[in-house]
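Quick note: the coordinates plus some simple rules give every number you see, no bench work behind them. Since the structure is predicted, the reported quantities are computational estimates derived from the model, not experimental observations. Glycine also receives a Cβ, built like all others from the backbone with ideal geometry; neighbour counts cover every protein chain displayed.
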Amino acid sequence: MQDDAYFNQILSRLLLRPRPSLRTRGYLRQAKAKDAAVLLLLVKAQKPYFLLTQRSSQLKHHANQVCLPGGRQDEGESLFATAVRETEEELAIPRQQIKPVTTMECIETPSGYRISPFIGYIPQYVAVKANAAEVAHVLTISVDEFLSKEINQQVYLMAGRKHKVLSFSHQQRLIWGATAAILDQFKRWLI
């Protein structure tokens with residue numbers, strides 16, 4: 001089946017990438033950064049896609065921002081387990097259905113987080129049910145559509161230092177900062 005071949009080609013490209021070093025691509029390289037993990041979850045479909053969430057406006061941190069499912073690491077939990085647990089909590093996707101693919105280079109943010117991104121997939125469509133306490137909207141973006149998007153770079157002054165910040169738009173929403181940087185890395189791996 002042609003769809004399987006295309007999805008397998010995507011997975012192969014990701015798996016052939018060298019695993020990232022322990023070095024972070026951080027903005028600030030903070031010694032006391034809080035560990036967090038996110039999951040770029042590919043969905044095997046006629047046109048493979050991945051999921052983004054728009055955070056609830058009621059959240060204390062990063063309200064209304066568009067991001068990958070994920071969150072802060074719990075004590076004694078692996079970072080991949082964190083990404084999968086958070087995805088299940090936010091989107092009600094059963095963790096048993098999530099298959100790991102690879103890790104990406106971690107990123108430190110000006111807000112004090114060291115984010116470890118993981119790529120995983122689900123072999124078929126699963127109904128997504130957003131946890132309203134955390135997620136305002138679920139967005140999907142096909143891999144092909146994403147690869148055609150232009151990711152922009154701007155320089156901002158944060159904490160008295162200049163930082164390059166990436167961004168792009170999808171479904172009339174701005175995706176920027178750490179999420180855009182992670183997705184930029186994903187894009188570079190596929191092209």
Among the DSSP beta bridges whose two residues both lie in region 2-148, what percent are antiparallel, rounded to the nearest 5? 65
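Counting pairs of alpha carbon atoms under 8 Å apart in space and at least six apart in sequence, what relative contact order in percent does region 2-148 give?
On the way: 300 pairs, mean separation 50.2, N = 147.
Across region 2-148, relative contact order equals 34 percent.
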By its C-alpha gyration tensor, with a ≥ b ≥ c as the square roots of the eigenvalues, how is region 56-140 shaped: rounded for a/c under 1.5, else prolate for a/b larger than b/c, else oblate? oblate
Using Cβ counts within 10 Å as a stand-in for footprinting exposure, how do W176, W189 rank, fewest first? W189, W176
Checked against a 31 Å limit on the C-alpha separation, the offending pairs among K32/K164; K60/K162; K99/K162 are K99/K162
Would you look at the GNM of the chain, springs on alpha carbons closer than 10 Å, and say which of Q54, Q96, Q46 moves the most? Q96
Taking amide H positions as placed 1.01 Å from N in the peptide plane, with prolines and chain starts having none, which residues 5 or more places from V135, or on another chain, fall under 5 Å of its amide H? S56
Nitroxide proxy distance, nm - points 7 Å out along Cα→Cβ at S111 and E77: 1.7
Could you let me know the centre-to-centre spacing of region 86-129 and region 150-191, using Cα atoms, in angstrom? 19
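Between Q124 and Q9, what's the calculated FRET efficiency when r is the beta-carbon distance and R0 is 22 Å? Round to 0.05.
The calculated FRET efficiency here is 0.75.
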Fewest first, what order do Y121, Y156, Y49 take by the number of other Cβ atoms within 10 Å? Y156, Y49, Y121
Report the normalised scattering of the chain as log10 I(q)/I(0) at q = 0.09, 0.12, 0.17 Å⁻¹, calculated by the Debye formula with identical scatterers on the alpha carbons. -0.31, -0.56, -1.20
Among G70, G160, G120, determine the one that fluctuates most according to a GNM of the chain built with springs between C-alpha atoms less than 10 Å apart. G160
Between E86, E108, E145, find the one with the highest GNM mean-square fluctuation for the chain; connect C-alpha pairs within less than 10 Å. E145
